[in-house]
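In what follows, a single structure is set out as structure tokens and then discussed.
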Amino acid sequence: MLRNIASLFFYARFLRAFSALGYRRAARDRAPLEPDFTGQTWLVSGATGGIGQAIALAATAGGARVLAIGRSEEKLEALKARSQAPERMIPVQADLSLIASVRELAEAAELSMAAIDVLVNNVGVLLNEHQLTSEHLETSFATNILGPFVLTEALKESGRLAADGIVINVSSGGMYGSPLRLEAMNATDPESFDGMAAYAMHKRAMVVLTGWWNDQWQGLPAVHVMHPGWVDTEGVQTALPGFRLALRRLLRNADQGADTVLWLAQQRPQPPEEGGIWLDRSLQPEHEFSFTRRSRHSAGDLVDYLKQVAG
């Protein structure tokens, strides 16, 4: 009962900003985005569906060569066939929930052909049922935060991220419902697993990680974090059917969810000194409720924990 009340309050609080209403209001007075990504190399995770697919297709249409990461060879080939420039859509099969697969990906030949100008850590899942990977990690934790962390760190250490490039982390408005937590993110015990709470923790961790990378890298490359609002993706349809049923007419489409990623890649703003998360091309605060500021963990603690778990 309390969970339902809290969810109702959360949805009511953010309805106007996170729904298609917010997107249309923000887009009312701005020019259409006509980016030129000619000559750039992008890496987009979770590229075979939803927001990731919209990003990958728009980037190739804008002239970029896109390394499209996905688990399904069939879906990757379908993505390539949909592209306006299939010769610039490079399918790369990898499972970001498996750390061994992530490390193989970081060393893949396709990724060594040119420095990566734009890295989009987009992959994400919200699971209602508890799952463990073959490496004995909770699947959504491994997918949402550990895999992207290991990949980004490996690309940076190997010099494969262009110093004048940009890393764009895709978070979620759900992070406004969680402080930074560590061990609870990787709920290997089914009895302690709450899929929605886990997702919020992972997306909060992505915001914290963004600030840590900017502190460490000093803008070489710049790192930004955004959230796309409430988008009618396949993930929402399967994980949150009640939410989708209630708000279907107000959910954003994938292109609307991808817009801020494309804008960031075009504009390349400096990392904000005081942090923040982008929504509809506007920098928003990282916290909306005081309880999410209260954590006994620092960004350094988070990084140490992720390194420990990744081995």
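Computed quantities for the displayed model
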item	result
Condition met for residue 30 (in contact (Cβ under 8 Å) with a residue 12 or more places away in the chain, over 21 Å from the mean Cα position of the chain (by Cα) and under 27 Å from residue 197 (Cβ atoms))	no
Any hit, region 218-238, residues being crowded, with 16+ Cβ neighbours inside 10 Å, on the phi > 0 side of the Ramachandran plot, not in a helix (DSSP H, G or I) and not aromatic (Phe, Trp, Tyr)	yes
Close pairs (6 angstrom Cβ cut-off, 6 or more residues apart or separate chains): part of a helix (DSSP H, G or I) in region 8-21, basic (Lys, Arg) anywhere	20/252
Test for residue 131: is it closer than 30 Å to residue 63 by Cβ and either more than 18 Å from the chain's Cα centre (by Cα) or free of Cβ contacts under 8 Å to residues at least 24 places away in the same chain (or both)	no
Scope region 176-190; condition in contact (Cβ under 8 Å) with a residue 60 or more places away in the chain, in a helix (DSSP H, G or I) and either under 21 Å from residue 135 (Cβ atoms) or among the aliphatic types (A, V, I, L, M) (or both); matching residues	183, 190
Those residues of region 198-211 which are closer than 16 Å to residue 287 by Cα and either in a loop (DSSP other than H, G, I, E, B) or touching a helix residue (DSSP H, G or I) at 6+ places or on another chain (Cβ under 9 Å) (or both), in sequence order	200, 201, 202, 203, 204, 205, 206, 207, 208, 209, 211
Region 184-217, subset of a type in the set (D, E, K, R) and crowded, with 18+ Cβ neighbours inside 10 Å, residue nearest to residue 299 (Cα to Cα)	204
Strands (runs of 3 or more DSSP E) wholly inside region 28-141 containing at least 2 residues that are under 21 Å from residue 222 (Cα atoms) and at pLDDT 95 or above	41-44, 65-70, 116-121
Per-region count, region 200-245, residues at pLDDT below 95 and either touching a Leu at 6+ places or on another chain (Cβ under 9 Å) or closer than 21 Å to residue 18 by Cα (or both)	14
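The values are calculated or read from the model by the stated rules, or taken from the named source; none is laboratory data. Treat the numbers as computed from the prediction; the structure is a model and nothing was measured. Here the Cβ is made from the backbone with ideal geometry for all residues, glycine too, and neighbour counts use every protein chain on show.
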